[in-house]
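*Asks:* One structure is given below, represented as structure tokens, and several questions about it will come after.
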Amino acid sequence: MKCYKRHQLQQEMVFSLHTEMKYAGPKEAIHHAIMRQNYGCTHIIIGRDHAGVGKFYEPFAAQEIFSDYPELEIAPVFFPPFFYCRKCLTYTTPKACPHDNDDKEQISGTALREMIQNGQAPSEFILRPEVAQVILNHPKPFVD
């Protein structure tokens, strides 16, 4: 795929898992972990509101549910909320960045999907322009 040319495949493995999002929140996060574990993955990244929709689930419920499943062999890696700071010139977290909110560009999956559905290219801080172009050129970037 065009977007993968940037990756160093000797050090990284990039693949897609063909499944539909159900937006079932915490239980879907566990489902994602089990599927990836079955494919041999050792770790899974779980961010804020993983597989959630809007404000239906608590923001960190998908991270908290993993304590109920100690038998999982895959290790969840919990990501805190992060943003792009125009002064730090990097992605960072509230703990690491002292700058004002005006310097911070928040990252929202919901907002990103809405922009793409409306044919708008997201900020290059959120999505590399060449990746955005590939997605925007797709006739149906999201499954109905």
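The values are calculated or read from the model by the stated rules, or taken from the named source; none is laboratory data. For clarity, every value in this text was computed on a predicted model and none was experimentally measured. Heads up, the Cβs are rebuilt from the backbone with ideal geometry, glycines too, and the neighbour counts pull from every protein chain shown.
*Asks:* Would you confirm whether any residue within the range 39-59 is surrounded by 14 or more Cβ atoms within 10 Å (Cβ to Cβ), β-branched (Val, Ile, Thr) and more than 30 Å from Ser123 (Cα to Cα)?
*Replies:* Looking through the range 39-59, none of the residues is surrounded by 14 or more Cβ atoms within 10 Å (Cβ to Cβ), β-branched (Val, Ile, Thr) and more than 30 Å from Ser123 (Cα to Cα).
*Asks:* When you go through (1) in a helix (DSSP H, G or I); (2) within 30 Å of Thr42 (Cα to Cα); (3) of a type in the set (A, V, I, L, M) one by one for Leu127, which number turns out not to apply?
*Replies:* (1)
*Asks:* Which of the residues that make up the range 1-52 are in contact with an Asp or Glu (Cβ under 9 Å, 6 or more places away or on another chain), outside any helix (DSSP H, G or I) and either at pLDDT 95 or above or closer than 23 Å to Pro80 by Cβ (or both)?
*Replies:* Met21, Thr42, Asp49, His50, Ala51, Gly52
*Asks:* In this structure, is Pro70 loosely packed, with under 12 Cβ neighbours inside 10 Å, modelled with pLDDT of 90 or more and outside the structural domain of Ile126 (by TED's automatic domain parsing)?
*Replies:* For Pro70, the condition - loosely packed, with under 12 Cβ neighbours inside 10 Å, modelled with pLDDT of 90 or more and outside the structural domain of Ile126 (by TED's automatic domain parsing) - is met.
*Asks:* Any residue at all in the range 77-84 that's assigned to a loop (DSSP other than H, G, I, E, B) and either touching a Leu at 6+ places or on another chain (Cβ under 8 Å) or farther than 24 Å from Tyr23 by Cα (or both)?
*Replies:* no
*Asks:* Restricting to the range 54-91, and then to whatever is touching a His at 6+ places or on another chain (Cβ under 7 Å) and β-branched (Val, Ile, Thr), can you tell me which residue is nearest to Gln37 (Cα to Cα)?
*Replies:* Ile74
*Asks:* Identify, by number, the condition in (1) modelled with pLDDT of 95 or more; (2) part of a loop (DSSP other than H, G, I, E, B); (3) closer than 27 Å to Ser123 by Cβ that Ala62 doesn't meet.
*Replies:* For Ala62, the exception is condition (2).
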